Amino acid sequence: MRAPRGVMLEDDMNIPRSRGNGRPALTRPDGTPVRVLVVDDDPDLAEVLSGALRYEGWEVRAAGDGARAVDEARDLLPDAVVLDVMLPDTDGFAVLRELRTVRPDVCVLFLTARDAVEDRIAGITAGGDDYVTKPFSLEEVVARLRGLLRRAGMARQLDEGPRLIVGDLVMDEEAREVTRGGELIELSPTEFELLRFLLRNPRRVLSKAQILDRVWSYDFGGQAHVVELYISYLRKKVDAGREPMIHTVRGAGYVIKPVAGR
């Protein structure tokens, strides 16, 4: 079978076999199917992607341009969006800004034919949670989405514990709420997962490589810039106007620890 542009097909299209390969089905916390919106102007590619995601048991819709994507998002309220950067009426970054007004916590996986470091960082800076470059395998896209959904708490999974506490910083993993000194802190899904990794390892210096492996679940092209970027985001939210808890250990990594005397 001929592969659509941007997809590598192997062994019957490399479609993930979640119902027959022993991998458990992923659902929303209430047991209903995960909702995913696929946005790509190539109808063949959108169809193949949608088919692979439906095979996971998920509810999937597709859109071929930015305007239709926003309309579909308003109706579907997706848990995740697979979003092409290059669209006929706009770019994926502009669409993402609109999507965030509809569904602020939606997970976004960018699709791009551009592999430059600047483009990778641009996608993450714009608010994307992850991205894959074309050509890609369907298995990779599904694996990335499953990881994003788990990290965002939008999919049912075993929890390692309801509350993590370091000093006056408290994370309720079940409610997905973070407070410091009783004040609520709003975090994106990736910021939440990064902070959770730090809180599970208080006073322990974590290298950029360890953080990349745990939070992004893969080597981000060998680029540590994304870690530095998200650490800066966390500091602005967790440490802003307060004694800092997140510290840089030059040449080693990052550590979180309570303020001295608390």
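Between residue 47 and residue 252, the contour length at 0.36 nm per residue exceeds the Cα-Cα span by 69.3 nm.
Over all directions, the projected convex hull of the C-alpha atoms in region 163-256 averages 5.7 nm² in area.
How would you order 204-215, 242-253, 185-196, 98-109 from highest to lowest mean count of nearby Cβ atoms within 10 Å? Intermediate values should be presented prior to the final figure.
Values: 204-215: 16.9, 242-253: 13.2, 185-196: 20.8, 98-109: 18.8.
My ranking of the peptides, most packed first, is 185-196, 98-109, 204-215, 242-253.
Straight Cα distances below 24 angstrom link residue 208 to the lysines 236, 237, 257, with same-chain residues fewer than 8 positions distant left out.
Quick note: the coordinates plus some simple rules give every number you see, no bench work behind them. Note that the coordinates shown come from a computational prediction; the quantities given were computed from them, not determined experimentally. Cβ: placed from backbone, ideal geometry, glycine included. Neighbour counts: every protein chain shown.
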